[in-house]
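Single-structure report; data block below.
The values are calculated or read from the model by the stated rules, or taken from the named source; none is laboratory data. Because the structure is predicted, anything quoted here is derived from the model rather than measured. Ideal geometry is used to build each Cβ from the backbone, glycine not excepted, and the neighbour counts take in all protein chains shown.
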């Protein structure tokens, strides 16, 4: 191809493309060094002028494309649009202006536009063109030999095939649980499976169920799914059910399928179309089993199932906040208060994603593994540059999923490159979700800033109420953070254990090893791995920072909980002291009342006797006085003894010692023995009284 004449300087006489200069006729005469220098300077000026003009044209085309979604084809036929420039000479020209001896352009700079197709999903799609890269990868230096070149076999399925698959496949309990609506009503799909989901799709807040890309020999992803339509799952099924059936179009060497909260009809369609490449039953089991942590399954090459031998699966498991207008899928665990949201509550739900890679073709390596339990196992390793499929199933009831993970300027050299891009996108989305949960927990558990000015609010936060609101809130927040920290650690561990130094240097024995005849392309693949490693390490560093934020917040919540317990304990202690004082005062009053009652009780008894009507009347009070003394004095003495037991015992002991001393004068030995016994008894009583 040659540049358009308007893109060249007036003084320029040479046409160049991508830094390539056509052969010039031999000079008629020798030139000196000064002439050569002037020509080089003129050439440099021409190059700068061309680049400046090209950038201006690009900006103008970008503005026009923004205002007209039908693309550049309506403005000027024959010019393919590219957002960025990767090399100095990436010119696009019309076919009529291309000379017969035009040099070969690297395929990474060739437009993906082919002959018009009758497929409904290909019409009026502004994202149909391939997109170019300007990142720190090796795309600008790649030629076609560096990319996977073997195309996928053509496949096409119909709805009748899908219905037959639903009726004949031996479903396990996990797949049956996901597809229960379809399997129960399989006899009601006379008009088609996707017509039922079409009405529900129109009522859904999200019309982006899937992104499906076909990747050609230049590595550029070409989108085949069409979002924002009323057809919903039907449009996705049309893009999913076939590949490479039109020989007039660019054939795909790989396919990227991303499903977000797919309905049962699309899950069944995935099972039909991808079951040849993936063990879909095990993928669905990983998707809905909450006991599975975040991990990467890389030991499939030792399994007997050829689908597991050729595939690698990365599963993500953690929690997210249910988005506004969204609802968890029936098989996802979620908060029981979603139907009736409460103030000061965070609606969490389990979420999961499965990213899988399948490589076609025949095995390129065999690996024998010895075991003490079983016989030696021979594993099969597949060529990383074989035709490939990347499958990503996302079940996140929120709005945080990236919808442009593959609609970028990156060109994928092979299936592992696209697989790593999908895994990297999941890490980025996970960081966004973890940050949002962290923000919500801070708003829930941390005291508001106005508490430093509001004394009533401080007192409310310092002391627990009768409903234990703050204790329950701090306990839930601390437990939730503990679970989330465990999930973050599992994600970091899955990265470190899988993507080790051997993997990033391309020397891993089982993860995408190359062969001797792939030295150049494998060297380029290693170069791209280094760039991908930097992107992963950046996200892992951010994820580690988020984990530290959670741990710090957990310490603060524990501190708030301890302060709450301390304040509540001090308040309860003060109340207990006040109650003790009241109890002591009540006991003193009761004791005084008892003494007064005991004082008047004997007198009341005496007066009741002499107040009887059957007693003979006498003028003398002597019987009354004697009776009062005879009853009151013993009663008061008994009360005195009962209330002063220790003093009475001491008096009795002293009295016994006095009599013993008096008797010792007549009988010294017996008196001394009695005195000794009395002292021993007194010491025992003192010991018993004081305790051990």
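Checked against the criteria, residue 521 counts as assigned to a helix (DSSP H, G or I), modelled with pLDDT under 85 and under 30 Å from residue 385 (Cβ atoms). Picking from residues in segment 677-692 that are farther than 16 Å from residue 651 by Cα and exposed (fewer than 11 other Cβ atoms within 10 Å of the Cβ), the one that is modelled with the lowest pLDDT is 692. The conditions of being modelled with pLDDT of 85 or more and either crowded, with 21+ Cβ neighbours inside 10 Å or within 18 Å of residue 428 (Cα to Cα) (or both) are met by residue 312. Restricting segment 490-502 to residues that are in a helix (DSSP H, G or I) and in contact with a helix residue (DSSP H, G or I) (Cβ under 7 Å, 6 or more places away or on another chain), the residue that is surrounded by the most Cβ atoms within 10 Å (Cβ to Cβ) is 491. Considering the conditions (1) outside any strand (DSSP E or B); (2) at pLDDT 90 or above; (3) more than 22 Å from residue 510 (Cβ to Cβ), residue 258 is excluded by exactly one of them, (1). The single condition from (1) part of a helix (DSSP H, G or I); (2) touching a helix residue (DSSP H, G or I) at 6+ places or on another chain (Cβ under 6 Å); (3) within 29 Å of residue 483 (Cβ to Cβ); (4) free of Cβ contacts under 8 Å to residues at least 60 places away in the same chain that residue 282 fails is (2). The conditions of being free of Cβ contacts under 8 Å to residues at least 60 places away in the same chain, closer than 19 Å to residue 355 by Cα and surrounded by 17 or more Cβ atoms within 10 Å (Cβ to Cβ) are not met by residue 512.
Condition check ((1) modelled with pLDDT under 85; (2) assigned to a helix (DSSP H, G or I); (3) surrounded by 14 or more Cβ atoms within 10 Å (Cβ to Cβ)) across all residues:
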| position | (1), (2), (3) |
| --- | --- |
| 426 | no, yes, yes |
| 439 | no, yes, no |
| 457 | yes, yes, yes |
| 461 | yes, yes, yes |
| 474 | yes, yes, yes |
| 487 | no, yes, yes |
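Please tell me if residue 506 is on the phi > 0 side of the Ramachandran plot and surrounded by 15 or more Cβ atoms within 10 Å (Cβ to Cβ). It is true that residue 506 is on the phi > 0 side of the Ramachandran plot and surrounded by 15 or more Cβ atoms within 10 Å (Cβ to Cβ).
Per-residue answers, yes or no, for (1) closer than 23 Å to residue 390 by Cβ; (2) modelled with pLDDT of 90 or more:
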| residue | (1), (2) |
| --- | --- |
| 165 | yes, yes |
| 192 | no, no |
| 199 | no, no |
| 209 | yes, no |
| 218 | yes, no |
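Taking the criterion of being over 18 Å from residue 251 (Cα atoms), surrounded by fewer than 15 Cβ atoms within 10 Å (Cβ to Cβ) and at pLDDT 90 or above, the residues of segment 134-163 that qualify are 158, 161.
Within segment 374-402, the set of residues being part of a loop (DSSP other than H, G, I, E, B), in contact with a strand residue (DSSP E or B) (Cβ under 8 Å, 6 or more places away or on another chain) and farther than 25 Å from residue 304 by Cα comprises 396, 397, 398, 400, 401.
Here is a yes/no grid of residues against (1) at pLDDT 80 or above; (2) touching a strand residue (DSSP E or B) at 6+ places or on another chain (Cβ under 8 Å); (3) surrounded by fewer than 12 Cβ atoms within 10 Å (Cβ to Cβ):
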residue	(1), (2), (3)
517	no, no, yes
544	yes, no, no
560	no, no, no
565	no, no, no
587	yes, no, yes
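Residues of segment 220-229 include none that is at pLDDT 90 or above, surrounded by fewer than 23 Cβ atoms within 10 Å (Cβ to Cβ) and in a loop (DSSP other than H, G, I, E, B). The residue of segment 289-310 that is nearest to residue 160 (Cα to Cα), among those that are in contact with a helix residue (DSSP H, G or I) (Cβ under 6 Å, 6 or more places away or on another chain) and not in a loop (DSSP other than H, G, I, E, B), is 308.
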